[in-house]
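To start, the structure itself, in structure tokens.
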Ligand code: SF4
């Protein structure tokens, strides 16, 4: 899923300062799962903002809404009739959702209510961890199912570096060294011959470095 | 001969080689490099110039190399892949060779979080293994990695760093093998204090015949005090300093610890000279260049040979 984290409330208050009427839009997708942008968070954030503005003597009218997905035109259209009546939309979806709303409603200012994080997994309740950078050229079959681009702090293709100590990365003891994980797994799978092979320089053009990416499926158009 | 490097010539002639290290200053003052050069000159076959080590910004390695050259020292250019993408790396390789730098050491580089600019972008377009391959391809095939022909191939004696003590131990020797396959002509090791473990490493390397395929320069760093030993053990990743070593220097009164550290370093070099497959030593006297002559001389390695 795409993860995110709350923005500090002061930052959001500063963003909404010029407005008296706005829509607060959540999303039922990834950000609901990681508990930062779903219907419940919409409710909580709306009341916090209302209370703060009331206390400041500048009440704020907030229309609360949660879309099935903010990254899909079908659901985004549901806001069309509504946006005209408000000065701005504060979205607590991921960056893609927020931008999609901005694209669809060019006359309405869009405000980001969360910081979008990474493509990751729920390790346990309350803990998420990054797994994929969407580089567009997957080699997980060679690295024991563990991504060196994402899980090595230096995205090395022939790790570990000299900083790997007792399974931890030099960047932080709390971060497992991705290459230690890869080697442990290659050993367990009996695939150490993959380690000894020189891998060609990665082509980054399929990643963000090649410019904004898009996918076109002729069969679906 | 792959390059016109003095270090390569010394090794090819079968001499036990000596290299040292110079960290460029945190500023633009060339005199600091010249002063260090004066202390190193005559005691080594080539001198490494570090590339923003521990991610702390310093005078560029290439500039440091040129200053050493002006002082009549043979430089060894360290190059990390942390700060430059493949375009900049290739370009700097060409520039360094054009300016007469003949020795190269390919490294990953410490993560930027350790320096003054932890917010810097993390480049790592290619890794140190791929940089070895890239430099070797340019030198031996006279082409860019893209296949286009070079207007003059760079000439380098190409090296890599190896850490016989890092985790996991199981891949230490496969990793050396991979570095050789990628293009390393020589390797410099992490500082050795744990002789037992290092001998084990060499034994395993011999099982694969690796010391015959690459020149292994054993890294040593003289300890200035028991405090330094403890600090390095605690703070430097992959640094293996056995308790016995710490105790030995710690047993001396404070004012005699530095002399003891030098004595221990010389003993270590003497022991390394006896290990089959060790082609030389890399003496990293960190900010202690004035002791280099005493250490290298004490180990019976002076004067340095002149090979034509
Ligand atoms: S310690 Fe491991 S994860 Fe961290 S940078 Fe080095 S190889 Fe990568």
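Residues of segment B:256-288 being over 18 Å from residue B:203 (Cβ atoms) and outside any helix (DSSP H, G or I), which ones? Of everything in segment B:256-288, those that are over 18 Å from residue B:203 (Cβ atoms) and outside any helix (DSSP H, G or I) turn out to be B:280, B:281, B:282, B:283, B:284, B:285, B:286, B:287, B:288. Picking from residues in segment A:146-160 that are more than 8 Å from chain B (Cβ to nearest Cβ) and more than 9 Å from the ligand (Cβ to nearest atom), the one that is farthest from residue B:110 (Cα to Cα) is A:146. It is to be established whether one or more residues within segment A:178-187 are in contact (Cβ under 8 Å) with a residue 12 or more places away in the chain and closer than 25 Å to residue B:117 by Cβ. Checked against the condition, which is being in contact (Cβ under 8 Å) with a residue 12 or more places away in the chain and closer than 25 Å to residue B:117 by Cβ, segment A:178-187 yields at least one hit.
Of all residues in segment B:64-107 being touching a strand residue (DSSP E or B) at 6+ places or on another chain (Cβ under 8 Å) and within 14 Å of another protein chain (Cβ to nearest Cβ), which is nearest to residue B:122 (Cα to Cα)? For segment B:64-107, the residue satisfying everything is B:81.
Being under 20 Å from residue B:39 (Cβ atoms) and more than 21 Å from the chain's Cα centre (by Cα): is that true of residue B:259 here? Yes: the conditions hold for residue B:259. The set of residues from segment B:160-180 being facing chain A (nearest Cβ under 7 Å) and more than 23 Å from residue B:19 (Cα to Cα) comprises B:167, B:168, B:171, B:174, B:178.
Would you confirm, using the coordinates I've provided, whether residue B:144 is buried (at least 16 other Cβ atoms within 10 Å of the Cβ) and either touching a residue at least 40 places away in the same chain (Cβ under 8 Å) or in contact with a helix residue (DSSP H, G or I) (Cβ under 6 Å, 6 or more places away or on another chain) (or both)? No.
Is there a residue being buried (at least 19 other Cβ atoms within 10 Å of the Cβ), assigned to a strand (DSSP E or B) and assigned by TED's automatic domain parsing to the domain that holds residue A:23 anywhere in segment A:71-85? There is no residue in segment A:71-85 that is buried (at least 19 other Cβ atoms within 10 Å of the Cβ), assigned to a strand (DSSP E or B) and assigned by TED's automatic domain parsing to the domain that holds residue A:23.
Give the number of residues within segment A:161-172 that are outside any loop (DSSP other than H, G, I, E, B) and either more than 24 Å from the chain's Cα centre (by Cα) or near the ligand (Cβ under 8 Å from one of its atoms) (or both).
Residues in segment A:161-172 being outside any loop (DSSP other than H, G, I, E, B) and either more than 24 Å from the chain's Cα centre (by Cα) or near the ligand (Cβ under 8 Å from one of its atoms) (or both): 3 in total.
Right, residue A:193: more than 8 Å from the ligand (Cβ to nearest atom) and without any contact (Cβ under 8 Å) to a residue 40 or more places away in the chain or not? Criteria met by residue A:193. For the list (1) within 29 Å of the chain's Cα centre (by Cα); (2) within 11 Å of chain B (Cβ to nearest Cβ); (3) farther than 26 Å from residue B:189 by Cβ, I need the number of the one condition that residue A:143 fails. It fails just one condition, (2). Selection of segment A:42-68 for residues being surrounded by 18 or more Cβ atoms within 10 Å (Cβ to Cβ) and part of a loop (DSSP other than H, G, I, E, B) yields only A:60. Residues in segment B:191-210 that are surrounded by 18 or more Cβ atoms within 10 Å (Cβ to Cβ) and assigned to a helix (DSSP H, G or I): B:198, B:201, B:202, B:205, B:210. Across segment B:140-159, the number of residues qualifying as away from chain A (no Cβ under 14 Å) and part of a loop (DSSP other than H, G, I, E, B) comes to 9.
For segment A:186-203, enumerate the residues that are over 26 Å from the mean Cα position of the chain (by Cα) and either crowded, with 19+ Cβ neighbours inside 10 Å or assigned to a loop (DSSP other than H, G, I, E, B) (or both).
A:186, A:190, A:191, A:195, A:196, A:197, A:198, A:199, A:200, A:201
Take the conditions (1) over 27 Å from residue A:169 (Cα atoms); (2) within 20 Å of the chain's Cα centre (by Cα); (3) surrounded by 14 or more Cβ atoms within 10 Å (Cβ to Cβ); residue B:286 misses just one of them, which is (1). Residue pairs whose Cβ atoms lie under 7 Å apart, sitting 6 or more positions apart in sequence or on different chains, and linking a residue in segment A:56-68 that is within 14 Å of residue A:29 (Cβ to Cβ) to a partner that is surrounded by fewer than 16 Cβ atoms within 10 Å (Cβ to Cβ), are A:66/A:39; A:67/A:78.
Residue by residue, here is whether (1) surrounded by 20 or more Cβ atoms within 10 Å (Cβ to Cβ); (2) assigned to a helix (DSSP H, G or I); (3) touching a residue at least 24 places away in the same chain (Cβ under 8 Å); (4) at positive phi holds:
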position: A:24; (1), (2), (3), (4): yes, no, yes, no
position: A:40; (1), (2), (3), (4): no, yes, no, no
position: A:89; (1), (2), (3), (4): yes, no, yes, no
position: A:100; (1), (2), (3), (4): yes, yes, yes, no
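For residue A:187, are the conditions met, namely being at the interface with another protein chain (Cβ under 10 Å from one of its Cβ atoms) and within 11 Å of the ligand (Cβ to nearest atom)? No: the conditions fail for residue A:187. Starting from residues that are closer than 19 Å to residue B:3 by Cβ and more than 8 Å from every other protein chain (Cβ to nearest Cβ), keep the ones in segment B:108-139 and report whichever is surrounded by the fewest Cβ atoms within 10 Å (Cβ to Cβ). Within segment B:108-139, the match that is surrounded by the fewest Cβ atoms within 10 Å (Cβ to Cβ) is B:137.
Let's see how each residue does on (1) part of a helix (DSSP H, G or I); (2) at pLDDT 95 or above; (3) buried (at least 18 other Cβ atoms within 10 Å of the Cβ):
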| position | (1), (2), (3) |
| --- | --- |
| A:121 | no, yes, no |
| A:129 | no, yes, no |
| A:141 | yes, yes, no |
| A:153 | no, yes, yes |
| A:179 | yes, yes, yes |
| A:184 | yes, yes, no |
| A:213 | no, yes, no |
| A:216 | no, yes, no |
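Looking only at residues in segment B:229-256 that are without any contact (Cβ under 8 Å) to a residue 40 or more places away in the chain and surrounded by 20 or more Cβ atoms within 10 Å (Cβ to Cβ), the one that is nearest to the other protein chains (Cβ to nearest Cβ) is B:229. Taking segment A:161-174 as the range and being crowded, with 22+ Cβ neighbours inside 10 Å and more than 7 Å from every other protein chain (Cβ to nearest Cβ) as the test, only A:169 passes.
The values are calculated or read from the model by the stated rules, or taken from the named source; none is laboratory data. Note that this is a predicted model, so its numbers are computed, not measured. Note: ideal-geometry Cβ built from the backbone for every residue, glycine included; neighbour counts use all protein chains shown.
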